[in-house]
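Written below as structure tokens is the structure these notes are about.
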Amino acid sequence: MREFKNLIYQNEDNIGIITLNRPKVLNATNSELLKELAELLDEISGDDKVRALILTGGEKVFVAGGDIQFMSQAAPLEMEKFIALGHKVYDRIANFNKPVIAAIFGMALGGGCELALACDIRIAADNAKFGQPEINLGIIPGAGGTQRLSRVVGPGWANYLIMTGRIIKADLALKIGLVTEILPAGQLMTRARELALELAAKSPVAMRLAKSCINNGANSSLSSGLLYEQKVWALLFATEDQKEGMNAFLEKRKPEFKGK
Ligand code: HXC
């Protein structure tokens, strides 16, 4: 795997850890970082040994948003390309073939909060802060925030965050369901690894298809989402993992899922 300028990738046990690494600008995202992330995700998606992914910005900051220096001078067509790239990468994460955990220290603002929203599970350090401050720059959230935020926290809190641009602390983020857990900063990565290992031990096929049902449901009516769920559910009976899971239960042992 090649070296990346804006990312660090580690691979241990069955988990992958991506650390965003543009510390001078608090991990602000530009096209180069997004392209690297797309490339890395492509590589990891093909690696069957990796069964769960952690995305973090390191111990100081998650992401302070899109790179304002870059955006401030950009022409509309350049911004059209940039935001399309942002959507491509964030959708890739949302639909990734492995579960993705965001481990959030410090600020997750604008495109950073949207990046966290594209992940499946968000856990945060007690120093984490969240916000969609784009309104203060004369723009709006453009990397999915107007859509994903309200699906996660409901339109009431989404309106509040997007319209005021206010930054909220981790405890409020937990209360509104933006994150599922808060930990002291020193314990966050240990917890993220624990959670990733827990997910990595499940059936990769069931994991992928559960995610597919949830994501498909967000884009469809209840009845078509329910129908999709039924078909996918029945399809899982064609897998070895289903047999292993049920046999292990009956034999009172831990299942060993192979992803087949
Ligand atoms: C470019 C940024 C940046 C950003 C911080 N920096 N955020 N550069 N884009 N989004 C740079 C600063 O200019 C500064 O560089 C250095 O990082 C440290 O930042 P400070 O402001 O000095 O740190 P601090 O006082 O601790 O304040 C932290 C902060 C603040 C609250 C996070 O930096 C801030 O408000 N940043 C902007 C947040 C924001 O509006 N995000 C939304 C962006 S729009 P120097 O050279 O001075 O040391 C967006 C659109 C989505 O996200 C795009 C889709 C991908």
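The values are calculated or read from the model by the stated rules, or taken from the named source; none is laboratory data. Values in this document were obtained by computation on a predicted structure and should not be read as measured data. For neighbour counting, all protein chains shown are included, and Cβ atoms are generated from backbone atoms with ideal geometry for every residue, glycine included. Ligands, DNA and RNA are stripped out before the accessible areas are found, and what is left, the full protein with its side chains, is counted by its heavy atoms. Shrake-Rupley method; radii C 1.70, N 1.55, O 1.52, S 1.80 Å.
Miscellaneous remarks
Yes or no, residue by residue, for (1) outside the structural domain of Ile15 (by TED's automatic domain parsing); (2) of a type in the set (D, E, K, R); (3) over 25 Å from Gly142 (Cβ atoms); (4) touching a helix residue (DSSP H, G or I) at 6+ places or on another chain (Cβ under 6 Å):
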| residue | (1), (2), (3), (4) |
| --- | --- |
| Ala170 | no, no, no, no |
| Arg191 | no, yes, yes, no |
| Lys211 | yes, yes, no, no |
| Asn215 | yes, no, no, no |
| Asn219 | yes, no, no, no |
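- Candidate set: the range 136-165, residues that are within 16 Å of the ligand (Cβ to nearest atom) and of a type in the set (Val, Ile, Thr); chosen: the one surrounded by the most Cβ atoms within 10 Å (Cβ to Cβ): Ile162
- Test: residue in the range 125-135 that is open to solvent by 10 Å² or more (accessible area, probe 1.4 Å), at negative phi and more than 10 Å from the ligand (Cβ to nearest atom): yes
- Test set (1) modelled with pLDDT of 95 or more; (2) open to solvent by 80 Å² or more (accessible area, probe 1.4 Å); (3) outside any helix (DSSP H, G or I) - Phe249 fails condition number: (3)
- Matching residues in the range 51-75 - criterion: being aliphatic (A, V, I, L, M) and surrounded by 22 or more Cβ atoms within 10 Å (Cβ to Cβ): Ala52, Leu53, Ile54, Leu55, Val61, Val63, Ala64
- When the range 1-19 is filtered for residues that are hydrophobic (A, V, I, L, M, F, W, C) and either in contact with a Phe, Trp or Tyr (Cβ under 6 Å, 6 or more places away or on another chain) or within 21 Å of Ala74 (Cβ to Cβ) (or both), only Ile18 remains.
- Checklist (1) open to solvent by 80 Å² or more (accessible area, probe 1.4 Å); (2) not in a helix (DSSP H, G or I); (3) not hydrophobic (A, V, I, L, M, F, W, C) applied to Pro255, failing item: (1)
- For first residues located in the range 1-23 and under 15 Å from Glu36 (Cβ atoms), partners that are hydroxyl-bearing (Ser, Thr, Tyr) and lie 6+ apart or on another chain with Cβ distances below 6 Å form the pairs Ile8/Thr19; Ile18/Tyr9; Thr19/Thr56.
- Whichever residue in the range 22-46 is over 22 Å from Ile83 (Cβ atoms) and within 14 Å of the ligand (Cβ to nearest atom) and, among such residues, is surrounded by the most Cβ atoms within 10 Å (Cβ to Cβ): Pro23
- Hey, Leu178 surrounded by 18 or more Cβ atoms within 10 Å (Cβ to Cβ), assigned to a loop (DSSP other than H, G, I, E, B) and not acidic (Asp, Glu) or not: yes
- Test: Val232 is in contact (Cβ under 8 Å) with a residue 40 or more places away in the chain, surrounded by 15 or more Cβ atoms within 10 Å (Cβ to Cβ) and β-branched (Val, Ile, Thr): no
- Options Ile140, Ile135; residue that is part of a loop (DSSP other than H, G, I, E, B) and either closer than 21 Å to Ala84 by Cα or among the hydroxyl-bearing types (Ser, Thr, Tyr) (or both): Ile140
- Members of the range 1-49 found to be within 18 Å of Phe70 (Cα to Cα), in a helix (DSSP H, G or I) and of a type in the set (D, E, K, R), listed by number: Lys24, Glu32, Lys35, Glu36
- Verdict on Ala52 being modelled with pLDDT of 95 or more and over 19 Å from Ala108 (Cα atoms): yes
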